[in-house]
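First comes the structure, then the notes that go with it.
Throughout, read-outs are computed from the coordinates displayed, never taken from laboratory work. Predicted model only: the values in this text are computed from it and were never measured. Neighbour counts run over all protein chains shown; Cβ positions are idealised from the backbone, glycine included.
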């Protein structure tokens with residue numbers, strides 16, 4: 001188990017540990033978070049739980065800026081956490097930062 | 001800046017529609033609070049009759065659920081009417097003691113049913129027909145009592161009566177006049193209506209006036225002025241409504257029959273407005289939905305400080321919502337001295353049409369039995385079109401014998417309204433169909449609001465859908481693959497073959513995808529078609545696969561996975577069972593279950609444990625998660641069974657080993673039984689084999705799932721080798737010809753069994769080619785994925801690792 005001391009930012013992994021199109025599940029202080037790398041190298045993080053039936057978004061298909069929940073195919077923006085119509089809702093979003101190829105989560 | 005406070009009194013259709021219109025114009029300007037007397041969110045009062053008639057449930061008619069209020073930041077108090085308005089301090093008081101300040105106050109208090117002040121009207125079993133509670137009372141009463149009497153032969157009364165008939169009650173309708181619905185129908189139409197309803201089982205007492213309601217605590221009957229008596233266990237009063245203006249007059253607003261408003265829905269007091277049934281504009285209080293919605297729009301414009309021409313009254317028209325009766329009435333339908341009428345009256349067909357004309361303009365109409373011309377007539381009336389040069393066929397297109405019978409929507413102009421309740425024009429719907437790729441009436445309702453209230457326009461919307469997309473498009477379901485493209489599955493797979501495309505991205509690029517990276521519908525499909533076209537060269541794109549296929553296990557509702565090891569033909573041995581038992585113990589697998597395909601399912605496994613479980617099991621993947629060959633289920637067969645004619649187990653294992661791990665458009669389930677008793681259920685499999693004396697029968701297209709379908713006998717062959725060849729050719733043709741995610745049952749229905757036979761059985765050349773293609777595909781299959789992953793650490797890290805971090809404070 002890794003631990004870091006930074007109060008505000010937690011280093012979660014190296015940028016190369018993230019694979020485009022394959023989200024990564026990270027558990028920080030017991031909270032499950034899905035981390036996405038887009039094809040433009042941008043990193044986004046959302047709570048790993050679909051507002052519909054709590055499906056793990058880290059297991060969804062990622063297309064561009066959207067992830068599709070593996071349970072019932074809800075479409076959710078990884079940039080904003082907003083659920084696409086006709087479904088409704090919003091997923092908690094976490095700020096991320098990439099410094100020196102290290103990915104940080106802002107808590 | 002602080003938001004302006006807007007308070008709405010009345011949580012009904014008119015008030016909430018006004019709020020919707022306001023939110024459309026200026027979503028963040030107001031802090032909105034709504035008070036309603038009924039304990040429900042806004043529902044479709046017009047549809048109450050369909051609840052009573054059993055066509056909808058109460059949930060179905062909710063227009064705005066609680067989530068909608070929450071999402072729009074609207075504070076809602078249900079079951080809590082406003083009891084006092086303090087104009088000077090701009091405050092309202094609710095029954096439950098809530099005090100709320102306002103900058104703008106809207107009265108949308110609607111109407112109350114008019115209860116005749118008859119002696120005995122307070123007895124148990126005497127109700128109105130106005131809200132959900134009345135419906136529930138009628139439904140409940142029908143369980144214990146038989147005889148219902150409806151006082152009032154108008155629109156509302158007849159809808160209630162029809163509902164009571166559906167609830168299996170003997171239904172008597174008492175009407176004070178000679179004709180039913182005399183405010184909407186002339187004598188001939190009214191007579192036809194009465195005859196039709198009598199046929200449905202309603203009994204009428206015309207020209208009768210009720211004197212008193214008899215009974216002890218509960219109603220027992222009605223006594224009429226002429227001295228006659230009618231037994232009844234339930235009395236529904238449906239003689240009319242009266243605007244609910246008690247609060248308004250207590251507040252000191254100017255009222256006549258209803259709250260008097262000007263063209264901007266302003267009442268006599270500053271910052272107080274009224275809409276809907278409780279408002280009276282130019283001497284008229286409307287009780288129909290379309291005018292209420294028109295008023296809502298004007299008020300929304302006005303309150304949001306948008307320019308508006310104001311409200312100038314509405315055209316009144318009615319459709320009766322009673323099953324089996326088609327009726328439309330609008331405007332001035334009675335003959336007067338200065339009017340002339342076009343009449344069509346066919347007593348054999350039960351059709352009556354009357355169009356009333358004054359000064360060369362249509363001013364009113366009654367249609368009975370065939371109301372297809374109603375949108376056109378309404379439009380002519382609204383526009384005040386001059387008809388002096390029109391012939392009958394133009395005014396009543398349904399009477400044109402030479403017409404092709406095409407729907408009236410075809411000849412409608414783009415600005416003609418289809419949904420009068422919600423004011424949706426033809427043009428808006430066509431635009432939504434084209435721009436948003438809509439293909440069902442439900443989608444159109446969701447996008448445009450058309451058909452959301454009374455539902456009367458749904459047939460027209462459906463016609464318009466066909467007219468816009470073409471009949472064939474709608475009936476053949478030439479649906480685009482997904483929202484990213486207009487191309488169908490067939491077109492995409494054809495293009496991949498023809499242009500020899502090799503990558504997902506390339507396909508989207510070359511075929512002009514609208515979204516750069518596709519979606520969860522098109523990507524798995526493209527990945528499949530690419531692999532089908534070049535089985536040896538194409539490298540599978542695992543990011544385009546659904547999670548189950550990406551991690552080779554089945555995701556469950558709680559995010560855990562299930563593991564189903566391969567057991568060929570459903571045959572296992574002590575060694576396998578021991579390994580499964582030991583592994584289940586070691587990883588504390590919550591449940592072991594025998595599946596429908598004769599396998600063992602280990603349920604509730606954590607994703608990060610998958611690779612090590614597979615390693616410990618030392619068994620191959622059963623592919624229970626994939627669009628591929630699943631299982632071959634077998635019966636005991638000739639080895640042990642008294643009736644077995646063939647070695648079903650041996651054949652099943654041989655088939656499963658030959659085709660395992662093969663990608664298919666959708667899952668393929670198979671079975672081999674050794675006699676027609678069919679213990680392996682071969683009749684409901686994608687391919688089901690039945691052994692008979694000296695031969696095998698092959699059934700195809702069976703399905704035991706959502707669309708239950710018995711398999712069709714495809715052929716009968718004598719040898720195992722011939723059977724395997726035929727299965728190869730059939731499966732390969734399915735792989736090449738079916739659309740991704742199309743089960744064999746749907747594919748067989750779509751292309752026809754004879755066609756498949758002509759390719760797979762009759763055409764030697766094609767059959768040979770199919771078998772060859774299958775062999776190529778089988779050679780290019782991946783190795784067992786479980787073994788591969790449990791030996792590949794990089795893959796484990798990419799797909800199965802879950803990173804645990806703890807922040808030290």
Taking each residue in A:22-33, count the Cβ atoms of any other chain within 10 Å of its Cβ, then average. What number comes out? 4
Per-residue Cβ counts within 10 Å, from other chains only, averaged over B:791-799: what number is that? 1
Which peptide among B:283-294, B:584-595, B:484-495, B:727-738 comes first, and what is the full order, when sorted by highest mean count of other Cβ atoms within 10 Å? B:727-738, B:283-294, B:484-495, B:584-595
The protein assembly as shown - Debye-derived log10 I(q)/I(0), Cα point model, q = 0.04 Å⁻¹: -0.28
Rounded tilt (10° steps) of B:187-199 against the dominant C-alpha axis of chain B: 50 degrees
With viscosity set to 1.002 mPa s at 20 °C, what whole-number translational diffusion coefficient in µm²/s follows for region B:489-545 from Stokes-Einstein and a Kirkwood radius over Cα pairs? 193 µm²/s
Taking only the alpha-carbon atoms of chain B, what semi-axes of the equivalent ellipsoid follow from 5 times the gyration tensor eigenvalues under a square root, in whole Å, largest first? 63, 33, 30
Label-to-label distance, nm, for residues given as residue B:608 and residue B:792 (7 Å Cα→Cβ offset): 2.2 nm
Between 0 and 90 degrees, rounded to the nearest ten: what's the tilt of helix B:13-25 against the longest Cα principal axis of chain B? 70 degrees
Below 8 Å, C-alpha to C-alpha, sequence gap of six or more: please give me the relative contact order for region B:596-748 in percent. 17 percent
Here the relative contact order (percent) of chain B, from C-alpha pairs under 8 Å and at least 6 apart, is 6 percent
If one computes the Cα centroid of region B:623-645 and of region B:571-609, what distance in Å separates the two points? 20 Å
For region B:629-779, compute Rh as the Kirkwood radius over C-alpha pairs and then the Stokes-Einstein diffusion coefficient at 10 °C and 1.306 mPa s; write the answer in µm²/s, rounded to an integer. 105 µm²/s
Among A:92, A:53, A:75: highest mean-square fluctuation, GNM of chain A, C-alpha pairs under 10 Å: A:53
Output the antiparallel fraction of DSSP beta bridges having both residues in region B:1-136, as a percent to the nearest 5. 40 percent
Sort the following peptides by mean Cβ neighbour count (other Cβ atoms within 10 Å, averaged over residues), highest first: B:254-261, B:112-119. B:254-261, B:112-119
Any chance you could list the semi-axes, whole Å, largest first, of the equivalent ellipsoid that the Cα gyration tensor gives for region B:130-271, using √(5λ)? 33, 20, 16
Quick check on region B:81-166: what does the Kirkwood estimate of hydrodynamic radius come out to from the alpha carbon pairs, in Å? 16.1 Å
With the 8 Å Cα cutoff and a minimum separation of six or more residues, chain A has a relative contact order in percent of 26 percent
How far is helix B:574-586 tilted off the main Cα axis of chain B, in degrees rounded to 10, range 0 to 90? 50 degrees
If packing is taken as the mean number of other Cβ atoms within 10 Å per residue, what is the order of B:16-22, B:265-271, highest first? B:16-22, B:265-271
Which whole number gives the average, over all residues in B:64-72, of C-beta atoms from other chains lying within 10 Å of the residue C-beta? 1
Using only the alpha-carbon atoms of region B:280-386, report the extent along each of the three principal axes, biggest first, to the nearest angstrom. 56, 36, 23
Of all beta bridges DSSP finds with both residues in chain B, what is the antiparallel percent, to the nearest 5? 60 percent
Counting only DSSP beta bridges with both residues in region B:629-779, tell me the antiparallel percent, nearest 5. 60 percent
